[in-house]
């Protein structure tokens, strides 16, 4: 395995582990760490040009990469899943789980001079919940939100219609970041071009498809304790540029067109890691792995034996090695291994076993009677209809699946479609197979895919027992009880063969050696740039 110069990010922590494949060397006394140097401009490469960047309205992970530095959140989340004070200094949760009381900092102002207070919190949450906002993600993250009450200038109560355990997790993310009520009222629908938060950097300019620029907030003096310093950020300016074509990303780093770019292709990461001018910061992403959802209502995947056969016929290790090299681990269940609540009992289930796959297909009545390599039953060929989106190496993965499944007599008919077309095909149940992954740090995200009434129920599962567990997991506050429920949920999903887990997502960030103290938050996608500084020497 390649480990030289790869930094594996401990998500949300200030610790990074540098591993090297070099032979053992005599111990060398470490040099005295250089003190952070203020000043300079960081250029950060984005890999997607989103259609909208208002965090209350839009849903892409890409918008959070720059805007996490513009907005503070009421709470922050550590890599261990602990919630620590942000704009809220402390909070209480009622015994019935319906009321959250937040006590707020009294020394914070928005970038436009508007004071941050309880009225601002109420304004923000009500804006997100308002159907007129047409929120694509943030409103869902509020769950069964009912209303806010201002107790006094720096105390606010948030009320829910039913208990909602993931609320603190939601509050820790940029989608529920606190925006200036003054700016929101002034700019209305154009707010995304004039965003105002309380964070360490201020929104300067956004030119869609070209660049987004932030500048240091000189008045910032309320950083949460998870950061390494207080006062203004070190960098003067951050410019985010778009590198949509994966083939251009490593080249841009090497040409000095960017200091940091995410989603470096594995083959380019292998080259960069051998260059001392760069490092690869590999950040495992919590949430759902890249997985194939299997439609339980459309033949032939309506038969459990066929779904299980497809699992046994999938050589995940070969797929990961061929496409992602050694940078991504094999996935075994509906949650990636770094996600809170992950159940290790799923590890090793459905190991590659083509002989077992053939047995199951035989039992299900599928036989290759004409000798063409594809099985038939009742005059129908064993064909699986796959809908593929273009990102995340999904087409490449599907090509390998097609080859592997043909070995056991399954024919894959795939078509590459845009995301809206994939959603429509899934809604109509045209698919046997759709590949997808989704980031998230709370296992409640499973409810959006495996509850019978979920919008993204692509497996078309209708299991009242599974529904009840998913609902209970969202209501319970006790972490041990929640963990037990989600362990059960993961086992049930795999017992029913609702998905084929493929690989846990790891974001390969190419980083110039000049960049110091770069860390990522608990979501894995969003960089904490407040502590970042640029060394002059590059070492």
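State log₁₀ I(q)/I(0) for segment 287-503 at q = 0.12 Å⁻¹ as given by the Debye formula over alpha-carbon point scatterers of equal weight, solvent excluded.
-0.60
Under 4 °C and 1.567 mPa s, how fast does segment 458-531 diffuse according to Stokes-Einstein, given a Kirkwood radius computed over C-alpha pairs? Answer in µm²/s, whole number.
My calculation gives 82 µm²/s for D.
What FRET efficiency do you get for residue 149 and residue 374 if R0 is 51 Å and r is their Cβ-Cβ distance, rounded to the nearest 0.05?
Calculated transfer efficiency: 0.20.
Inverting the mean 1/r over all pairs of different Cα atoms, compute the Kirkwood radius of segment 71-187 and quote it in Å.
Computed over Cα pairs of segment 71-187, the Kirkwood hydrodynamic radius comes out at 14.3 Å.
How much length is gained on full extension from residue 109 to residue 297, taking 0.36 nm per residue of separation minus their Cα-Cα distance?
Net length gain for the segment: 62.3 nm.
At 222 nm, what helix-only mean residue ellipticity would the chain give, in deg cm²/dmol to the nearest 500, using -39500 (n - 2.57) for each DSSP H run of four or more?
-6500 deg cm²/dmol
To test your reading of the geometry: what angle, between 0 and 90 degrees and rounded to tens, separates the Cα axis of helix 394-406 from the longest principal axis of the chain?
That helix lies at roughly 20 degrees to the long axis.
If you restrict to DSSP beta bridges whose two residues both lie in the chain, what percentage is antiparallel, to the nearest 5? List each step's numbers first, then the result.
Values: 62 of 81 bridges.
So the antiparallel bridges amount to about 75 percent of the total.
If I fit a long axis through the Cα atoms of helix 419-428 and take the longest principal axis of the Cα atoms of the chain, what angle between them do I get, 0 to 90°, rounded to 10?
Once rounded, the angle reads 50 degrees.
Once both labels are modelled 7 Å past Cα along the beta-carbon direction, what's the residue 536-residue 41 spacing in nm?
Inter-label distance under the simple model: 2.0 nm.
Sort 485-496, 221-232 for me by packing, meaning the mean count of neighbouring Cβ atoms within 10 Å per residue, highest on top.
Put in order of decreasing packing, that is 485-496, 221-232.
Calculate the FRET efficiency for residue 182 and residue 205 from the Cβ-Cβ distance with a Förster distance of 22 Å, rounded to the nearest 0.05.
0.65
Pulled fully out, how much extra length does the chain show between residue 236 and residue 189, if you take 0.36 nm times their separation in residues and subtract their Cα-Cα distance?
Answer, rounded to one decimal: 14.0 nm.
Using a basic spin-label model with each label point 7 Å from the Cα along Cα→Cβ, how many nm lie between residue 93 and residue 317?
4.1 nm
Kirkwood Rh, Cα Rg: Rg to Rh for the chain?
0.98
Using r as the Cβ-Cβ distance of residue 491 and residue 516, and R0 as 35 Å, what FRET efficiency do you calculate, to the nearest 0.05?
Here the calculated transfer efficiency is 0.20.
Measure nothing but the geometry: give the 0 to 90° angle between the long axis through the Cα atoms of 118-129 and the longest principal axis through the Cα atoms of the chain, rounded to 10°.
Helix 118-129 sits at roughly 30 degrees to that axis.
Where a number appears in this text, it was derived from the coordinates with a stated rule and is not lab data. Everything numeric in this text was worked out from a predicted model, so none of it was measured. Note that each Cβ is placed from the backbone with ideal geometry, even for glycine, and that neighbours are counted across all protein chains shown.
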